[in-house]
Every structure is written in C-alpha cells, then in structure tokens.
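Please read the structure below before turning to the comments.
The values are calculated or read from the model by the stated rules, or taken from the named source; none is laboratory data. Worth saying up front: this structure is predicted, and the values here are computed from it rather than measured. Note: ideal-geometry Cβ built from the backbone for every residue, glycine included; neighbour counts use all protein chains shown. Areas reflect the complete protein model, heavy atoms only, side chains present, ligands, DNA and RNA absent. Shrake-Rupley method; radii C 1.70, N 1.55, O 1.52, S 1.80 Å.
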Amino acid sequence: MKLNKVHHVAVIASDYVRSLDFYTRVLGLTVLAENYRPERQSYKTDLALNGEYIIELFSFPEPPARVSGPEAAGLRHLAFEVDSIDSAVADLEAKGIPHEAIRIDGFTGKPFVFFSDPDGLPLEFYEK
C-alpha cells in the first residue's frame with residue numbers, strides 16, 4: 001500500500017454558520033465549494049489552506065455530541081503549522097479565541113499551543 005498524503009479531515013458542526021465563520025474568518029481557510037444537500041438537510045463545504053483542500057465541513061440536523069479533548073480516545077487534535085507561535089497566539093487573542101499556555105515539544109524544542117473550534121474540537125498551532 002502506498003499512501004500519498006492526508007486528503008482531508010471531515011468536521012461535523014453543531015452550528016454550521018458559527019463553524020464556517022470560525023474556520024474562514026478566524027483561521028483564514030477559504031471556501032472551495034459549498035453545497036447544500038436537501039435530502040440530508042445538510043451542508044458539505046470544502047475548505048482550503050493556501051489553495052489546498054484540507055477540511056470538509058458538514059452540518060447535520062441535531063448531531064449527537066462527541067466526547068472531545070486532547071486526551072480522549074480517538075482523533076486527538078488537528079494541528080496547523082505556523083511560522084511564529086507568538087504571532088499566531090496574538091491573532092487568536094485579537095479575535096477573542098481562548099487558548100492554553102504555550103508549551104514546548106520535549107523532542108523537537110518547538111513551541112505549540114492548543115485551542116478549540118466552536119464545538120470543542122481540539123486544534124493546535126505548531127511552530128515551523
């Protein structure tokens with residue numbers, strides 16, 4: 001088996017409008033395609049980072065809550081590389097997004113920080 005890359009990550013939002021705003025306005029992703037699927041009463045929106053498709057944002061009527069936290073079993077978090085952790089944290093703070101304290105990776109010596117999307121999905125900024 002030969003894998004080429006991670007194609008995309010799928011995220012189901014409890015409040016589609018709020019999450020779309022977060023991923024586009026706060027994180028700066030761009031919408032490649034936004035499709036409403038009436039038979040599912042659901043949106044499927046493809047989001048890109050620097051022109052590369054990375055996230056499928058879904059809405060579904062009344063999705064069940066999922067246990068979410070960096071130490072919960074399953075997907076731990078979604079990490080984004082940034083040039084400067086200090087600059088990225090300043091941007092989060094300017095946009096009113098709470099975050100944990102900056103940590104240092106014990107293996108690489110690189111700084112990183114955790115914060116959450118509107119549904120509590122753990123997100124991370126990791127310095128290049």
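For this structure, a couple of remarks:
- Inter-probe distance in nm under a simple model that places probes 7 Å from Cα toward Cβ, at LEU78 and ALA10: 1.3
- On the basis of the beta-carbon distance and an R0 of 30 Å, ARG66 and ILE102 show a calculated FRET efficiency of 0.65.
- Scanning residues 5 or more positions from LYS110 or on other chains, those with amide H under 5 Å from its amide H are ASP105, with H placed 1.01 Å from N in the peptide plane.
- Over the chain, relative contact order from alpha-carbon pairs under 8 Å, at least 6 apart, %: 22
- Positive end of the dipole of the chain (Cβ unit charges, origin at the Cα centre): among PRO61, SER87, ILE102, the Cα lying farthest that way belongs to PRO61.
- Once the Cα atoms are used to define both axes, helix 85-94 deviates from the longest principal axis of the chain by about 50 degrees.
- DSSP bridge orientation in segment 74-128 - percent antiparallel, rounded to nearest 5: 60
- Think of a 1.4 Å ball rolled over the protein heavy atoms: segment 20-101 then has 63 Å² of accessible area per residue.
- Pairs of alpha carbons in segment 13-61 whose separation is greater than 14 Å (percent): 45
- Evaluated over the chain, the count of Lys pairs having alpha-carbon atoms less than 27 Å apart is 8 (only pairs 8 or more residues apart or interchain).
- Over all distinct Cα-Cα pairs of the chain, the Kirkwood formula returns a hydrodynamic radius of 15.8 Å.
- For the chain, modelled as a GNM whose springs connect Cα atoms under 10 angstrom apart, the maximal fluctuation among GLY74, GLY28, GLY106 occurs at GLY106.
- Evaluating 6.51 cos²θ - 1.76 cosθ + 1.60 at θ = phi - 60° for every residue in segment 105-119, the Karplus couplings come out as 5, x, 9, 9, x, 8, x, 8, 8, 9, 8, 10, 7, x, 9 Hz, glycine and proline recorded as x.
- HN-Hα J in Hz across segment 26-39 - Karplus 6.51, -1.76, 1.60, θ = phi - 60°, x for Gly and Pro: 6, 8, x, 6, 10, 7, 8, 7, 10, 10, 9, 10, x, 5
- Portion, in percent, of the accessible area of the chain that falls on carbon or sulfur, probe 1.4 Å: 54
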